[in-house]
């Protein structure tokens, strides 16, 4: 890596080393979000209680992985990570706060997530959360609240794409249900392009 990137990565590693065990766990889990996340999403995806250490969580019929139990309060953890400059927060027009990792920070956190064997479980949790959001949004996309819901889905577009990509590779049923829930977003916002012959 160029010297500048090495310096940035070194700073991220140093900041990570200063975190408590629980903050480190939350930090790694939050890396699963693409394009940012709300507190509600963080609590549902990264703040859920996984199997206690020593127990196994099923990832697929062939694979299991031990997941460290997350005991930190998600609100306190996210606030702490913002204070330590590992997350950036921004208030949205609707008054909701959105959080994100800078790309160099997220890359480091994703590496740790993979190394710790937590990535598969977190990606499934992420996909299930955004599947639920897509299915909740679907009936509203033809109603009076369609603009509000389309804006909400647009805000989560990177996460929806990441969830769809994961599910296409790992769980076709989730992929099909997610696509059925959000196809109007693609249509109304011109994400679907006709094929040219």
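The values are calculated or read from the model by the stated rules, or taken from the named source; none is laboratory data. No experiment lies behind these values; they were computed from the predicted model shown. Virtual Cβ from ideal backbone geometry, glycine too; neighbours counted across all protein chains shown.
The residues of the range 116-141 that are closer than 19 Å to residue 168 by Cβ and without any contact (Cβ under 8 Å) to a residue 12 or more places away in the chain amount to a single one, 132.
Just to be sure, is residue 33 at pLDDT 90 or above, closer than 23 Å to residue 162 by Cα and in a loop (DSSP other than H, G, I, E, B)? Considered against the rule, which asks whether it is at pLDDT 90 or above, closer than 23 Å to residue 162 by Cα and in a loop (DSSP other than H, G, I, E, B), residue 33 comes out as yes. When the range 8-20 is limited to residues that are surrounded by 11 or more Cβ atoms within 10 Å (Cβ to Cβ) and assigned to a helix (DSSP H, G or I), the one that is modelled with the lowest pLDDT turns out to be 8.
Before we move on, is residue 134 surrounded by 19 or more Cβ atoms within 10 Å (Cβ to Cβ) and under 17 Å from the mean Cα position of the chain (by Cα)?
Working: surrounded by 19 or more Cβ atoms within 10 Å (Cβ to Cβ): yes; under 17 Å from the mean Cα position of the chain (by Cα): yes.
In short, yes.
Restricting the range 77-96 to residues that are touching a helix residue (DSSP H, G or I) at 6+ places or on another chain (Cβ under 8 Å) and either assigned to a helix (DSSP H, G or I) or without any contact (Cβ under 8 Å) to a residue 24 or more places away in the chain (or both), which is nearest to residue 14 (Cα to Cα)? Ranking the qualifying residues of the range 77-96, first place goes to 81. The range 97-197 holds helices (runs of 4 or more DSSP H) entirely within its bounds, and those carrying 1 or more residues that are more than 21 Å from residue 39 (Cβ to Cβ), at pLDDT 90 or above and touching a helix residue (DSSP H, G or I) at 6+ places or on another chain (Cβ under 6 Å) map to 103-115, 119-137, 157-170, 172-188. Among the residues of the range 48-68, are any out of contact with any helix residue (DSSP H, G or I) (no Cβ under 9 Å at 6 or more places or on another chain), at pLDDT 55 or above and either closer than 17 Å to residue 123 by Cα or buried (at least 16 other Cβ atoms within 10 Å of the Cβ) (or both)? Among the residues of the range 48-68, not one is out of contact with any helix residue (DSSP H, G or I) (no Cβ under 9 Å at 6 or more places or on another chain), at pLDDT 55 or above and either closer than 17 Å to residue 123 by Cα or buried (at least 16 other Cβ atoms within 10 Å of the Cβ) (or both), which makes the answer no.
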